[in-house]
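Asks: Here it is: the structure, laid out below.
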Amino acid sequence: MKETVNITINGKAYEVQAGQTLMQAADVCGYHIPRLCYHPDLSIEGACRVCIVEVAGMKNYVASCAYPVTEGMVVTTNSTAIRRARRDIVELLVDNHPQDCHTCERDSNCELQRLAFAMGIRKRHFEGERKTFEQDLSSPSVVRDPEKCILCGRCVRMCEEIQGIHALGYANRGFNTVVMPAYNMPFGESVCSQCGQCINVCPTAAFTEHNDTQALFETLNDPALIKVVHIAPAVRAAIGESFGLEPGQNMEHQTAAALRRLGFDYVFDTQFAADLTIMEEGSEFLERLQGRGKLPMITSCCPGWINALETFHPDFMDHVSSCKSPMSMMSNVIKTHFAEKADIDPARLFVVSVMPCTAKKSEAVRPEHTLHGRRSTDLVITTRELAWMIKSAGIDFIHLEGEPFDKPLGLSSGAAPIFGVTGGVMEAAVRTAYELYTGETLIDIELEAIRGFKGIKEASLNIDGITVNVAVAHGLGNGARLLDILRKAPDRYHFVEIMACPGGCVGGGGQPYPTVNSIPLDEGCLQQRADALYGMDRGNTIRRSHDNPEVQRLYKECLGRPLGEKSHELLHTRYAQKSPQGIVSRKLTQ
Amino acid sequence: MLTKDDPKLDQLKQTIDQVMQKPYSDSYLIAVLHKTQALYGYLPEDIINIISVDMNIPTAHIWGVATFYHYFNLTPQGQHRIAICLGTACYVKGAAQIVETLKQQLKIDMGQTTADGLFTLRPARCLGACGLAPVVMIDDTIHGELTPKKMSDIVNKHRRQAKKK
Ligand code: FES
Ligand code: FES
């Protein structure tokens, strides 16, 4: 086969790679053909027809996202006729869409809005029947609003092909087609894992997070409460994007400053609890390695994964670490140890966590995460929600003088920030487990083999003569594949990390929407966010969780030892099978 | 409702077992749904859940297929299925009045089932009996040249028969 083909785009000759689609070729040649249903990580649906172009000799316009380039092809992307046709297509979408941009969650951040503007739609020509639906508010994490849906199907393919969950499908047909869970059941009761990737890929506001900002603003004005907040690693690496910064800036100190200005009394760092998690999880792993408990052990930090475990993979429940997530550990430590030390009645504490994640909202309402009859994390907001609150409160985020986190729960090691990227928990755990087991210092602490965005990553390490095989998967689809490997070869790995979102938390369902010139889950953007986290690790003088002096002090003053009685009470949990049982989609892209 | 020893379910499971032996077993989903409807009269949710697990197909996908085809019933059907023809010939000959009669007498809308579970009312497009317009088909029998009076007599007759049994 020839490597390249010659084509003409808008009267100019180009030599492009063979085997591409017209859209890909045009991208390379500097023509950005408008598009909607297309996403490079998903299968090609060719549903929206926004990407049509004229190809000489073809009777009809062709969808460039689905059409391969061939030798001698003559393409027009911008003739008056094609512009009009494209505009009509978008106009028809807009006309079956609510006219409520200025009160919409995604105002100024909506692909449909941008597209309509770019197509030059300045008035409505068609006033026909419009679909009307109620919002589905049944899930604590993800709100479904079919009225805003334009049936591009990106959420359906994301859920099916990348996550393997297939909680969403098309129901009915023609004008009545709706994206919905099976039986049109409440979304919160479906097999959905609450990962929020549908939100990330949705071009409109058909999927959004369950918005808790108003509730939080009200609480922040309640003088009777003491407001405490802690933020997850991946938040600081992405929040700058909401304020127009390049991806990959570490904004932790500006975020701390902004949170104080929003009215929080204490600003802590979830990373402290990441170190704490490693102490517990590393110790648990060593227990299991010595025959006490099942191997491989699988990580438990990620609530999207835990939801998928209970719905899709209950056969692995005994393998999953009993450790609570850093979020829940942190909130428990705040409401017990910190409250005691600071002499605060825990009933007056209102603990908020800022997470890159929608599933954390569902974790926070699980009945096992309660303390004295109240939720241990009172409220969870996403990176997006925090960014909006900062803007809404008129805080000049970009120009804020950075401020440190509060003591003592604001200190963390370099092993903590990397929790926010796929492979990071494993890397952090290995650093500590190695030393706890051998009593020696691990020299080569950066585990290159489990970094990066390959779907499933593997490594083998030598811990005092024992070969320990580890594996890491990100995206629930890759997670399901990895579990399938384990079903066939149960002894293949000793330790497994699974994160629900592509790239890990940096690609979480609560992270900022892409800006004008980027696409959701762009790998370059995820990499920049990850680099920011690795940079924090490298820049820290303490790089192992067990060297965090505040963690050591917590054990001394309160917990005793890892896996001790107090730890079990505050830091460990259990899982239960859920119904209906989920069936992993076989459309997982390979 | 689903009970442990449901002979219908045994039959269905047999069908599923058979198709699972074949290559591309997914492609037999529609056949399995047909079988389900033949057995239960509609596609019960807990049966779809069983099909999902046994055929290894996500429920959202099955639901998509089930809602795409009008043939599949998603709610329990009445003992008698009344299909009222809304085709052109019947319409011209007064199908609208027959619809009204039925709706009032049965106290249900199109697509619904009476509270006593006796009748389900559905629209149909040309039953191929235009010469007899307007017509309804009750179960497998055509009733033609209907008037509102004739229609309500037929309904009453079915009711009387049901009582006798
Ligand atoms: S982007 Fe090509 S058809 Fe939708
Ligand atoms: S139109 Fe009713 S039978 Fe043909």
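Asks: Would you check if A:Cys505 is in a loop (DSSP other than H, G, I, E, B), of a type outside the set (Lys, Arg) and open to solvent by less than 60 Å² (accessible area, probe 1.4 Å)? Break it down into steps so the answer makes sense when it comes.
Replies: Values: in a loop (DSSP other than H, G, I, E, B): no; of a type outside the set (Lys, Arg): yes; open to solvent by less than 60 Å² (accessible area, probe 1.4 Å): yes.
Answer is no for this residue.
Asks: In this structure, is B:Pro123 outside any helix (DSSP H, G or I), open to solvent by 40 Å² or more (accessible area, probe 1.4 Å) and more than 16 Å from ligand 1 (Cβ to nearest atom)? Step through it out loud before you land on a result.
Replies: Working: outside any helix (DSSP H, G or I): yes; open to solvent by 40 Å² or more (accessible area, probe 1.4 Å): yes; more than 16 Å from ligand 1 (Cβ to nearest atom): yes.
So B:Pro123 passes the test.
Asks: Moving to a separate point now. Check whether at least one residue in region B:90-104 is within 22 Å of B:Tyr40 (Cβ to Cβ) and touching a residue at least 40 places away in the same chain (Cβ under 8 Å), and report yes or no.
Replies: Our first condition is that a residue be within 22 Å of B:Tyr40 (Cβ to Cβ); within region B:90-104, this holds for none.
No, region B:90-104 contains no residue that is within 22 Å of B:Tyr40 (Cβ to Cβ) and touching a residue at least 40 places away in the same chain (Cβ under 8 Å).
Asks: Let me spell it out: the conditions are (1) within 12 Å of another protein chain (Cβ to nearest Cβ); (2) without any contact (Cβ under 8 Å) to a residue 24 or more places away in the chain; (3) on the phi < 0 side of the Ramachandran plot, and B:Ala66 meets all of them except one. Which number is the exception?
Replies: (2) is the only condition that B:Ala66 fails.
Asks: Tally up the residues in region A:100-128 that are free of Cβ contacts under 8 Å to residues at least 12 places away in the same chain and outside any helix (DSSP H, G or I), please.
Replies: Of region A:100-128, the ones free of Cβ contacts under 8 Å to residues at least 12 places away in the same chain are A:100, A:102-103, A:107-108, A:117, A:122-123.
Among the residues that remain, those that are also outside any helix (DSSP H, G or I) are: A:100, A:107-108, A:122-123.
Looking only at that region, the number is 5.
Asks: If you don't mind, there's one more thing I want to ask. Restricting attention to region A:482-497, does a residue exist that is of a type outside the set (A, V, I, L, M, F, W, C), over 28 Å from A:Leu461 (Cα atoms) and modelled with pLDDT of 95 or more? Give the derivation first.
Replies: Keep residues of region A:482-497 that are of a type outside the set (A, V, I, L, M, F, W, C), which gives A:484, A:487-488, A:490-494, A:497.
This time we only want the ones that are over 28 Å from A:Leu461 (Cα atoms), so: none.
No; the residues of region A:482-497 include none that is of a type outside the set (A, V, I, L, M, F, W, C), over 28 Å from A:Leu461 (Cα atoms) and modelled with pLDDT of 95 or more.
Yes/no matrix, rows are residues, columns are (1) assigned to a loop (DSSP other than H, G, I, E, B); (2) open to solvent by less than 30 Å² (accessible area, probe 1.4 Å); (3) outside the structural domain of A:Ala530 (by TED's automatic domain parsing):
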residue: A:Ile485; (1), (2), (3): no, no, no
residue: A:Tyr493; (1), (2), (3): yes, yes, no
residue: A:Val496; (1), (2), (3): no, yes, no
residue: A:Pro512; (1), (2), (3): yes, yes, no
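Asks: Turning to a different aspect of this structure: So which residues in region A:128-149 are modelled with pLDDT of 95 or more and either closer than 27 Å to A:Cys65 by Cα or of a type in the set (Asp, Glu) (or both), if there are any at all?
Replies: Those that are modelled with pLDDT of 95 or more and either closer than 27 Å to A:Cys65 by Cα or of a type in the set (Asp, Glu) (or both): A:Asp136, A:Asp145, A:Pro146, A:Glu147, A:Lys148, A:Cys149.
Asks: Does A:Thr277 meet the test of being open to solvent by 20 Å² or more (accessible area, probe 1.4 Å), assigned to a helix (DSSP H, G or I) and either of a type in the set (Val, Ile, Thr) or outside the structural domain of A:Ala530 (by TED's automatic domain parsing) (or both)? Reasoning before the result, please.
Replies: Values: open to solvent by 20 Å² or more (accessible area, probe 1.4 Å): no; assigned to a helix (DSSP H, G or I): yes; either of a type in the set (Val, Ile, Thr) or outside the structural domain of A:Ala530 (by TED's automatic domain parsing) (or both): yes.
So A:Thr277 fails the test.
Asks: Does region A:513-522 contain any residue that is among the charged types (D, E, K, R) and touching a residue at least 40 places away in the same chain (Cβ under 8 Å)?
Replies: Of region A:513-522, the ones among the charged types (D, E, K, R) are A:522.
In the following step, the residues that additionally are touching a residue at least 40 places away in the same chain (Cβ under 8 Å) were identified as none.
So far as region A:513-522 goes, no, none of its residues is among the charged types (D, E, K, R) and touching a residue at least 40 places away in the same chain (Cβ under 8 Å).
Asks: The conditions are (1) within 30 Å of B:Ala31 (Cα to Cα); (2) at pLDDT 95 or above, and B:Leu127 fails exactly one of them. Which is it?
Replies: With respect to (1) within 30 Å of B:Ala31 (Cα to Cα); (2) at pLDDT 95 or above, B:Leu127 is out only on (2).
Asks: Which of the residues belonging to region B:86-120 are among the β-branched types (Val, Ile, Thr), surrounded by 13 or more Cβ atoms within 10 Å (Cβ to Cβ) and over 18 Å from the mean Cα position of the chain (by Cα)?
Replies: Let us first name the residues in region B:86-120 that are among the β-branched types (Val, Ile, Thr), namely B:88, B:92, B:98-99, B:101, B:108, B:113-114, B:120.
From the residues that got through so far, the ones that are surrounded by 13 or more Cβ atoms within 10 Å (Cβ to Cβ) too are B:88, B:98-99, B:101, B:108, B:113-114, B:120.
Of everything in region B:86-120, those that are among the β-branched types (Val, Ile, Thr), surrounded by 13 or more Cβ atoms within 10 Å (Cβ to Cβ) and over 18 Å from the mean Cα position of the chain (by Cα) turn out to be B:Thr88, B:Ile98, B:Thr101.
Asks: Please tell me if A:Gly244 is modelled with pLDDT under 95, open to solvent by 10 Å² or more (accessible area, probe 1.4 Å) and in the same structural domain as A:Leu533 (by TED's automatic domain parsing). Walk me through how you get there before you give the answer.
Replies: Details: modelled with pLDDT under 95: yes; open to solvent by 10 Å² or more (accessible area, probe 1.4 Å): yes; in the same structural domain as A:Leu533 (by TED's automatic domain parsing): yes.
Yes; evaluated as a whole, the condition is true for this residue.
Asks: Here is a list: A:Leu92, A:Leu42. Which entry is hydrophobic (A, V, I, L, M, F, W, C) and open to solvent by 50 Å² or more (accessible area, probe 1.4 Å)?
Replies: Details: A:Leu42 fails: open to solvent by 50 Å² or more (accessible area, probe 1.4 Å).
That would be A:Leu92, the only listed residue that is hydrophobic (A, V, I, L, M, F, W, C) and open to solvent by 50 Å² or more (accessible area, probe 1.4 Å).
Asks: Looking only at residues in region A:45-71 that are touching a Cys at 6+ places or on another chain (Cβ under 6 Å) and open to solvent by 40 Å² or more (accessible area, probe 1.4 Å), which one is nearest to ligand 2 (Cβ to nearest atom)? Give the steps one after another, and end with the answer.
Replies: Here is the first cut: in region A:45-71, the ones touching a Cys at 6+ places or on another chain (Cβ under 6 Å) are A:45, A:47-48, A:51, A:63-65.
Now narrow it down to the ones that are open to solvent by 40 Å² or more (accessible area, probe 1.4 Å): A:45, A:47.
Values: A:Glu45: 38, A:Ala47: 35 Å.
Checked region A:45-71; the qualifying residue nearest to ligand 2 (Cβ to nearest atom) is A:Ala47.
Asks: If you check A:Ser392, A:Ser376, which single one turns out to be open to solvent by 20 Å² or more (accessible area, probe 1.4 Å) and in contact (Cβ under 8 Å) with a residue 40 or more places away in the chain?
Replies: On the way: A:Ser376 fails: open to solvent by 20 Å² or more (accessible area, probe 1.4 Å).
Only one candidate qualifies: A:Ser392.
Matching residues to (1) free of Cβ contacts under 8 Å to residues at least 24 places away in the same chain; (2) over 24 Å from A:Ala359 (Cβ atoms); (3) open to solvent by 10 Å² or more (accessible area, probe 1.4 Å):
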residue	(1), (2), (3)
A:Tyr434	no, yes, yes
A:Asp444	yes, yes, yes
A:Arg451	no, no, yes
A:Asp464	no, yes, yes
A:Thr467	yes, yes, yes
A:Asn478	yes, no, yes
A:Leu482	no, no, no
A:Ala489	yes, yes, yes
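Asks: Taking the condition part of a helix (DSSP H, G or I), away from chain B (no Cβ under 14 Å) and modelled with pLDDT of 95 or more, does A:Ala234 pass?
Replies: On the way: part of a helix (DSSP H, G or I): yes; away from chain B (no Cβ under 14 Å): yes; modelled with pLDDT of 95 or more: yes.
Answer is yes for this residue.
Asks: Let me ask something else about it. Can you tell me which residue in region B:138-151 is nearest to ligand 2 (Cβ to nearest atom), limited to those that are open to solvent by less than 60 Å² (accessible area, probe 1.4 Å) and in a strand (DSSP E or B)?
Replies: Step one: list which residues in region B:138-151 are open to solvent by less than 60 Å² (accessible area, probe 1.4 Å), which gives B:138-139, B:143-144, B:146, B:148, B:151.
Those left that are additionally in a strand (DSSP E or B): B:138, B:143.
Details: B:Ile138: 14, B:His143: 11 Å.
Top of the filtered list is B:His143.
The values are calculated or read from the model by the stated rules, or taken from the named source; none is laboratory data. As the structure is a computational prediction, the values presented were derived from the model and not from experiment. Because the Cβ atoms are built from the backbone with ideal geometry, glycine has one as well, and the counts that use them run over all protein chains shown. What goes into the accessible areas is simple: the full protein's heavy atoms, side chains included, and nothing from ligands, DNA or RNA. Shrake-Rupley method; radii C 1.70, N 1.55, O 1.52, S 1.80 Å.
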